[in-house]
Amino acid sequence: MLTSAGGSGNELRYRLTDRWTEDVRERTMSQVLEVLRRRIDDPQRGIPDSVVTRQGKDRVLVQIPGEQIDRERARNLLKSTGFLEFKIVIDSDATREALMARHPEGVGPDEMVVLKTDPDTGAELGAFLVPKVADITGDYLEDARVQFDRQQRPIVEFRFNSAGGEIFGKLTEENKNKLLSIILDENVYSAPVIRGRITTRGMIEGQFTAAEAADLAIILRAGSLSVPVVIEEERTVGPGLGQDSIERGALACAVGIVLVLAFTVFYYRLAGVYAAIGLISNLVMLIGLMSLFEATLTLPGIAGLVLTVGMAVDANVIIFERIREELRAGKSVRASIATGFNKATWTVLDANITTLITAVILFEYGTGPIKGFAVTLSVGIVTSVFAALVVTRLLFQIHPGTKNVSTLSI
């Protein structure tokens with residue numbers, strides 16, 4: 001509600017319309033969700049397989065797998081507004097009291113006092129008198145990375161875009177030999193002296209560890225939150241429930257694989273046995289590759305595993321049906337096998353390449369469990385094509401191979 005007094009003592013009241021209020025809420029929630037997702041899914045220091053979803057009108061649910069991050073770091077990563085400001089220092093002193101003693105009349109209406117504090121003890125390390133309005137903000141940031149100075153202390157290097165570099169260059173050019181305060185969420189991280197013109201690159205120094213510097217870089221890269229985030233509830237799910245879900249998922253996977261193998265052997269006989277061997281080799285290669293890259297097999301990953309088995313069978317079905325067609329046309333067994341594989345190869349590759357493209361898109365734009373599903377699916381597509389076109393064909397070369405047989409169990 002906005003209130004303004006007229007000259008005659010009348011009062012005018014202004015109110016946002018319900019539609020406008022709802023539109024502001026929707027835009028704010030979309031921005032909060034996007035920023036939190038970028039922080040959680042950060043490729044360098046993010047938390048794999050985490051989920052950020054909206055609940056109701058103004059709540060966000062964040063699910064983080066256990067033992068991947070301590071609670072305090074998770075809270076700081078989510079709660080920090082991440083609003084970065086750069087302000088020229090008007091005056092400074094060791095403490096707020098000492099600074100205010102030099103300004104007995106108080107600070108101006110367009111000025112404010114910000115503090116640099118010890119992150120562990122909260123003790124004041126410096127007080128700075130700065131303008132209320134920032135000279136430049138973190139909205140112009142393009143990137144932020146953790147680096148180390150000459151004393152091997154962690155720092156955060158940042159880079160502005162071209163528009164920000166132009167503003168920052170003009171600001172530093174006009175304020176040489178003055179202090180420039182670097183403020184994050186109204187807390188001063190550092191206040192270096194401007195020695196010369198700086199354009200697109202700078203650094204933030206502070207009393208933080210390498211992990212804290214990495215988290216700060218994540219927050220700066222992800223962008224600032226338009227509204228503060230308050231953690232209303234924090235709940236821990238014990239490993240018993242998760243283990244039960246994993247066991248059920250593994251059981252479903254095993255049952256699905258056994259049923260697929262049984263049907264394949266029943267319908268295609270000896271060729272079905274070859275397909276079953278190819279499927280088993282496919283699973284061995286898939287799990288081996290995931291272990292090699294130290295990937296985590298989650299429930300969506302198990303779903304991708306089952307889907308991979310189905311796709312591998314599909315490739316064998318295409319090949320076997322093509323061989324049957326050649327046998328019906330009166331060709332010999334050896335010629336039918338060779339022609340069946342040759343004609344089915346491009347069909348199998350075409351079907352699997354299109355699915356692989358979809359998996360890559362899921363990995364690129366998906367979040368949390370979607371990425372785990374996409375990884376398993378992508379690796380499974382490659383191994384299933386190899387198993388169908390190489391392993392199964394190798395088994396046919398063993399038997400019947402070069403033998404002159406009149407029939408084929410298929």
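What follows draws every value from the coordinates through simple rules; no lab data is involved. Predicted, not measured: the structure shown is a model, and the values here were computed from it. Note: ideal-geometry Cβ built from the backbone for every residue, glycine included; neighbour counts use all protein chains shown.
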If the cut-off is a Cα-Cα distance under 29 Å, which lysines reach residue 403, setting aside same-chain residues fewer than 8 apart in sequence? 331, 343
What pairs from 116/170; 87/170; 79/170; 79/371; 132/170; 57/132 go past 22 Å between their alpha carbons? 116/170; 79/170; 79/371; 57/132
What nm value, rounded to one decimal, do you get for the distance between residue 259 and residue 12 when each label is placed 7 Å out toward the C-beta? 7.1
Proximal aspartates and glutamates to residue 178, defined as alpha-carbon separation beneath 15 angstrom and excluding residues fewer than eight positions away on the same chain: 91, 93, 135
Going from the fewest other Cβ atoms within 10 Å to the most, one would list 406, 190, 50 as 406, 190, 50
First measure r as the distance between the Cβ atoms of residue 110 and residue 363, then evaluate 1/(1 + (r/R0)^6) with R0 = 56 Å and state the FRET efficiency to the nearest 0.05. 0.70
Here the convex hull volume per residue of the range 239-398, taken over Cα atoms and given in Å³, is 98
Expected sort for 140, 267 with the fewest Cβ neighbours (10 Å cutoff) up front is 267, 140
Can you sort 167, 319 by how many other beta carbons sit within 10 Å, fewest first? 167, 319
Highest-MSF residue in the chain out of 259, 16, 180 [GNM, Cα springs under 10 Å]: 16
What's the center-to-center distance, using Cα atoms, between the range 389-410 and the range 269-319 in Å? 22
In deg cm²/dmol and to the nearest 500, what is the mean residue ellipticity at 222 nm of the chain if only DSSP H runs of at least 4 residues count, each as -39500 (n - 2.57), divided by the residue total? -17500 deg cm²/dmol
Using Cα pairs under 8 angstrom and six or more residues apart, how large is the relative contact order of the chain, in percent? 15
